[in-house]
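The values are calculated or read from the model by the stated rules, or taken from the named source; none is laboratory data. A quick note: this is a predicted structure, and the numbers were derived from the prediction, not measured. Here the Cβ is made from the backbone with ideal geometry for all residues, glycine too, and neighbour counts use every protein chain on show. Each accessible area value is taken on the protein alone, full model and side chains, heavy atoms only, with ligands, DNA and RNA left out. Shrake-Rupley method; radii C 1.70, N 1.55, O 1.52, S 1.80 Å.
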Amino acid sequence: MQSTITSGQLHEEQPYSTGPIKELSQEEKLALLAAIVESSGDAIISKTLEGIITSWNNTAERIFGYTANEIIGRSIALLIPPERLNEETTIIERLKRGERVEHFETQRLTKDKRLLDISLTISPVKDSKGRIIGASKIARNITEQKEAERGIKENEERLRMAIESTQLGTWEYFPLEGKLIWSEECRKLYGAPKDLELNYSFFSDHVHPDDKELVQEGVSRALDPGGEGNYDIQYRILRYNDKQSRWIRAKGKAFFNAAQQADRFIGTVVDINDEKLREQELKDSVELFTVMANNVPAMIWMSGNDKFHDYFNNTWLEFTGRNVEQEKNEGWLQSVHPEDAPRCLERFSKALEEQVGFYSEYRLKRYDGEYRWVADNTVSRYNPTGEFAGFISACIDIDDQKRFNEKIKESELLLKNISNASPVALWMTDTDAQSTFVNETWIEWTGIPLEAHVESGWQECLVEEDRTATSNRFMDALQKKEKFSSEFRIRRVDGEIRWCLSEGYPYYDINNAFAGYAGSVTDITELKKMEQRKDDFIQMASHELKTPITSIKGYVQLLLSIYNEWSDEKLVSASTTVKTSLQTISKQVARLTRLVSELLDLSRIESGKLEMNMVEFDLGALVVETVEDVRHTSAHHIINIHQQDSGTVFGDRDRISQALVNLLTNAIKYSPDADKVDVYVEADNNTLTVRVKDYGIGIDKKDQQKIFDRFYRVEGKSEQTYPGFGIGLFIASEIVQRHNGSLTVESEKGKGAVFSISLPAS
Ligand code: ADP
């Protein structure tokens, strides 16, 4: 047993006695008092009026941490927080006046400087004479209680703030009394002024007419003693002040008394107008989306962020002829063409992994079994918090378009091929005369690629002398939007200069707006040469005709003068002259006749009127006959016939002879330095061939084909000295061809020539 009270009155703790109450001795009283003091749950402390602690019980030690030994004799100020020291003065004042201080709530410090909430009851201690000599203090530790109170307060405060911030209105209804209490928020919500008296009918009068039934039902259900008493409804009110309609949510709970009557019905209301409107908007927009999605001409599907499709619009379902259940998840893949399905699935899985939309084309089976190409444009969709929510896609049947495109591509290719295969160059310009297209032919000619044309223009390919004139012509046509036509020379990639004719027309786009020029370039070099040959021919022909005519004219005048000056002696002397004159005239007339008949033949060939008088005849005999005729015309050349075989042909004897004459006269004409011409007649495999071989100037390889063309004469210094029209071989060749035969040449420049006529034997 420890001595805890060391005041003058109490020295030792006394055992607590529970015996029957009897008159106690002073000593027993003190012991009992000491026991009470020690067993008290409150700290019991006594002190002098100066504040010196005189007694200190166990509980005081437990509460404040000081032992009695430590604290007795020391100032009570030890326990008082500095800011509360003046409290002690006030207390002492009151004690001095003999007053008791009851349940004074304050704070005190423990030994380890913790602040405790304390309830103090202080009584003055008087001596036997009734003088106040000190104070007895009962200190109750109310820290926990205070903390609990503070907690409750805080909770209340929190609730109040929550209610205020959520604008939660609270209400209480006492059905038995018909009393209705609304919180300020609740009134605000209803637009009801603070002082307005409320009752149930006020409440029900302000429910929107359309929701009255619902509210009535809700209330009845809550107040039904057989139910749980729960109440949770959303309805519209008509506000008191502005008659505005607003959505609210009311939640509550009814409590029942012992008689199973609802005697208290409490709850909350909150304005949910904005949410409701948003919800409605959302509902509207979902409806709008559904209606739209179902009616757009595109096929729409949607998927979640898993692999599976979960929405297909009507257009899709109508197209595939299947229902949502069949299409759901990966069901739609069954309609995708087997060749495209793996690709589709792979693409979709990849997109899902990357969460990025994509575009793909695949064949989808239509309700009638036909696979149609569809374009599938898939985009990612996100939920309101921005998270990836899957894909939405619009697909369009592009089958017709695809086929159409293929056709266009095909026809483009065809056009390209045609254009490139064309012997004519093709070009296009824009409205500013800039090249936009040239075909392969032009590129081949010029060796300049399309891009270079687009950059620098087509004029670059023209020889410099022709550039300005051509360009001016084009600009002029372009300005008037008229046909453009121009002849110019180009320098080909191989360096050759070629004459070209370009013709172009303005073209218009589908809106009928002028879009530029499109045209062609034709290589007219050969035409130009032909023209040239024609000119040369005319010149030559007039010369050739003029020569015999001049000669005939001269001799006729001579003969006329001889005739005019007729006398026997003169006649005798003139007879040689007359003879030579007549011979010359006859020769010139023959020449003229041949010339004219060649010209006639030419025009007959051109008009397809070269008539043939077909008979069977011996070719060998004809050769002998013809050579005989030609021999008379040439004094310098011996014509040898080497006839190994002979045979008959079916043909025009005179025409074949004419062709032979042309070959023989050429052989003589083009071998002035030679003295012979060899003629061979051969038979081989039903073909009879006559070869005319000369030892003259020969023909260059490059001219060997062309010499059979009309008016073609080999150009060259030496060739110019030989008279001729360039039509003899043309006529011969035509004649031979009309007999299903061939006329060929073998020659080398300077080494003579062999012309061969081959005819089918009859
Ligand atoms: P031409 O009246 O000019 O002789 P042709 O049609 O008979 O006309 O001959 C055409 C061209 O062929 C001649 O201009 C000549 O250059 C060439 N030619 C024809 N035959 C021979 C030949 N035997 N030897 C060399 N050149 C020839």
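Between Q355 and D112, how many nm apart are label points set 7 Å from Cα along the C-beta direction?
5.3
What does the charge count around T378 come to, taking other residues whose C-beta lies under 13 Å from its C-beta (Lys +1, Arg +1, Asp -1, Glu -1)?
So the environment of T378 carries a net charge of 0.
Go through segment 684-696 residue by residue and turn each phi into a ³J(HN,Hα) via Karplus (6.51, -1.76, 1.60, θ = phi - 60°); whole Hz please, and just put x for glycine and proline.
Karplus values, whole Hz, x for Gly and Pro: 7, 6, 6, 10, 9, 10, 10, 10, 10, 10, 10, 10, x.
Which cross-chain or sequence-distant (5 or more) residues have an amide H under 5 Å from the amide H of V207, H modelled 1.01 Å from N in plane?
The answer is L238.
Each label point is 7 Å from the Cα along the Cα-to-Cβ direction; what then is the distance between the points at E406 and N420, in nm?
Here the modelled spin labels are 2.2 nm apart.
Can you work out the Karplus-derived ³J(HN,Hα) for every residue in segment 267-277? Use 6.51 cos²θ - 1.76 cosθ + 1.60 with θ = phi - 60°, whole Hz, and x for glycine or proline.
Taking θ as phi minus 60°, the curve returns x, 10, 9, 9, 6, 10, 4, 5, 4, 4, 5 Hz for segment 267-277.
Go through segment 659-674 residue by residue and turn each phi into a ³J(HN,Hα) via Karplus (6.51, -1.76, 1.60, θ = phi - 60°); whole Hz please, and just put x for glycine and proline.
Couplings: 4, 4, 4, 4, 5, 5, 5, 5, 4, 6, 5, 9, 9, x, 8, 9 Hz.
Does anything in segment 134-156 have its amide N under 16 Å from the 7 Å Cα→Cβ label point of H103, and if so which residues?
138-143, 145-146, 149
Which Rg and Dmax, in Å, describe the Cα atoms of segment 637-762?
Taking only Cα atoms of segment 637-762, I get Rg and Dmax of 14.1, 44 Å.
Could you sort T584, T744, T468 by their accessible area in this structure, using a 1.4 Å probe and putting the largest first?
If we order T584, T744, T468 from most to least accessible, we get T468, T744, T584.
Please list, in chain and number order, the residues 5+ apart from S46 or on another chain whose amide H is under 5 Å from its amide H, with Hs placed from the backbone.
Excluding prolines and chain starts, which carry no amide H, the hits are T54, S55, W56, K137.
Please express the Cα-Cα pair-distance distribution P(r) of the chain as a list of whole percents, one per 20 Å bin, running from 0 to the bin with the greatest distance.
10, 15, 16, 13, 12, 8, 10, 7, 6, 2, 0, 0
For Q557 and E157 in the same chain, what is the full-extension length gain: residue separation times 0.36 nm, less their Cα-Cα distance, in nm?
Stretched out fully, the Q557 to E157 stretch lengthens by 128.6 nm.
Explain nothing, just the number: relative contact order of the chain, from Cα pairs under 8 Å at least 6 residues apart, as a whole percent.
5
Rounded to two decimals, what ratio of Rg to Rh does segment 418-521 give with C-alpha atoms and a Kirkwood Rh?
Looking at segment 418-521, the ratio lands at 0.95.
Average the reciprocal distances over every distinct pair of alpha-carbons in segment 513-658, invert the result, and give the Kirkwood radius in Å.
Over segment 513-658, the inverse of the mean reciprocal pair distance is 20.6 Å.
Looking at segment 204-270, which GluC sites (Glu not before Pro) are in a loop (DSSP not H, G, I, E or B) and have at most 16 other Cβ atoms within 10 Å?
Passing sites in segment 204-270 are E228.
To the nearest 20 debye, what charge dipole does segment 215-362 have about its Cα centre, counting +1 at the Cβ of each Lys and Arg and -1 at the Cβ of each Asp and Glu?
Here the size comes out at about 820 debye.
Taking the Cβ-Cβ separation of E275 and S128 as r and a Förster radius of 60 Å, what is the calculated FRET efficiency to the nearest 0.05?
Calculated transfer efficiency: 0.15.
Between helix 525-564 and the chain, what is the angle of the helix's C-alpha long axis to the longest principal axis, kept within 0 to 90° and rounded to the nearest 10?
Computed tilt is about 20 degrees.
So, R0 is 56 Å and r is the distance between the beta-carbons of D210 and L333; what FRET efficiency does that work out to, to 0.05?
0.70
Which whole-number percent is the relative contact order of segment 185-332 (Cα, under 8 Å, 6+ apart)?
Worked out over segment 185-332, it gives 14 percent.
Out of G504, N230, L619, whose Cα points farthest toward the positive end of the dipole of the chain (charges: +1 Lys, Arg; -1 Asp, Glu; placed on Cβ)?
Of G504, N230, L619, it is N230.
Can you grab the distance from the C-alpha centre of segment 345-376 to the C-alpha centre of segment 707-762, Å, no decimals?
One Cα centre to the other: 72 Å.
Return the whole-Å distance between the Cα centroid of segment 205-244 and the Cα centroid of segment 298-323.
Their Cα centres are 43 Å away from one another.
In what sequence, largest accessible area first, do K693, K126 appear using a 1.4 Å probe?
K126, K693
Compute and list, largest first, the equivalent-ellipsoid semi-axes of segment 475-566 from the alpha carbon gyration tensor, each √(5λ) rounded to a whole angstrom.
Values: eigenvalues 646, 60, 12 Å².
After diagonalising the Cα gyration tensor, the semi-axes are 57, 17, 8 Å.
Treat every Asp and Glu Cβ in segment 525-668 as -1 and every Lys and Arg Cβ as +1, leave all other atoms uncharged, and give the resulting dipole magnitude about the Cα centre to the nearest 20 debye.
That gives segment 525-668 a dipole magnitude of about 520 debye.
Percent of Cα-Cα pairs per 10 Å bin, from 0 to the last occupied bin, for segment 259-405, please list those.
P(r) over segment 259-405, rounded to whole percents: 10, 34, 27, 12, 7, 5, 4, 1, 0.
Measure nothing fancy, just the Cα-based angle from helix 399-421's long axis to the longest principal axis of the chain, in degrees from 0 to 90, nearest 10.
Between helix and principal axis, roughly 30 degrees.
So, counting K/R as plus one and D/E as minus one, what does the shell of residues with Cβ under 11 Å around A541 add up to?
Once all neighbours under 11 Å are counted, the net charge is -2.
Can you show me the helix-derived [θ] at 222 nm for the chain, built from DSSP H runs with n ≥ 4 at -39,500 (n - 2.57) apiece and divided by the number of residues, rounded to the nearest 500.
Value at 222 nm, helices only, nearest 500: -13000 deg cm²/dmol.
Quick one: which residues, 5+ away or cross-chain, put their amide H under 5 Å from the amide H of G191? H built at 1.01 Å from N.
Long-range HN contacts for G191: Y240.
Ordering L663, L333 by how much accessible area each has at a 1.4 Å probe, largest first, what is the list? Before the final figure, lay out each step's value.
Values: L663 5, L333 30 Å².
Largest accessible area first, the list is L333, L663.
If you take the beta carbon distance between E387 and E228 as r and set R0 to 41 Å, what does 1/(1 + (r/R0)^6) give as a FRET efficiency, to the nearest 0.05?
0.60
Any idea which of S762, Q643, N666 is furthest toward the positive side of the dipole for the chain, if Lys and Arg beta-carbons carry +1 and Asp and Glu beta-carbons -1?
Of the options given, the answer is N666.
Students often forget the sequence filter, so: which lysines lie under 23 Å Cα-Cα from K137 once same-chain residues fewer than 8 apart are removed?
Filter leaves K29, K47, K96, K111, K113, K126, K129, K146.
So what is the relative contact order for segment 102-147, in percent, with contacts set as C-alpha pairs under 8 Å and at least six apart? Walk me through the intermediate numbers first.
Numbers: 73 pairs, mean separation 15.0, N = 46.
Averaging sequence separation for qualifying contacts and normalising by length gives 33 percent for segment 102-147.
Could you pull the accessible area for T67 with a 1.4 Å probe, rounded to 10 Å²?
50
May I ask for the angle, rounded to the nearest 10°, between helix 568-606 and the longest principal axis of the chain, with both axes built from Cα atoms and the value confined to 0 to 90°?
The two axes meet at around 30 degrees.
With charges set only on the Cβ (+1 for Lys and Arg, -1 for Asp and Glu), what does the dipole of the chain come to about its Cα centre, in debye to the nearest 20? Intermediate values should be presented prior to the final figure.
On the way: 95 positive and 124 negative charges, 270 e Å.
Here the chain has a charge dipole of around 1300 debye.
Can you check what the net charge comes to around S360, using other residues whose Cβ is under 13 Å from the Cβ of S360 (Lys, Arg +1; Asp, Glu -1)?
After counting each charged neighbour, the total is 0.
Which of the chymotrypsin sites (Phe, Trp or Tyr not before Pro) across segment 26-83 are loop residues per DSSP, with 13 or fewer other Cβ within 10 Å?
Sites meeting the loop and neighbour criteria: none at all.
Using 7 Å Cα-to-Cβ label points, what is the L282/L501 separation (nm, one decimal)?
Calculated label separation equals 8.0 nm.
Measure out, as a whole number of angstrom, how far apart the alpha-carbon centroids of segment 614-674 and segment 387-437 sit.
When both Cα centres are located, 65 Å separates them.
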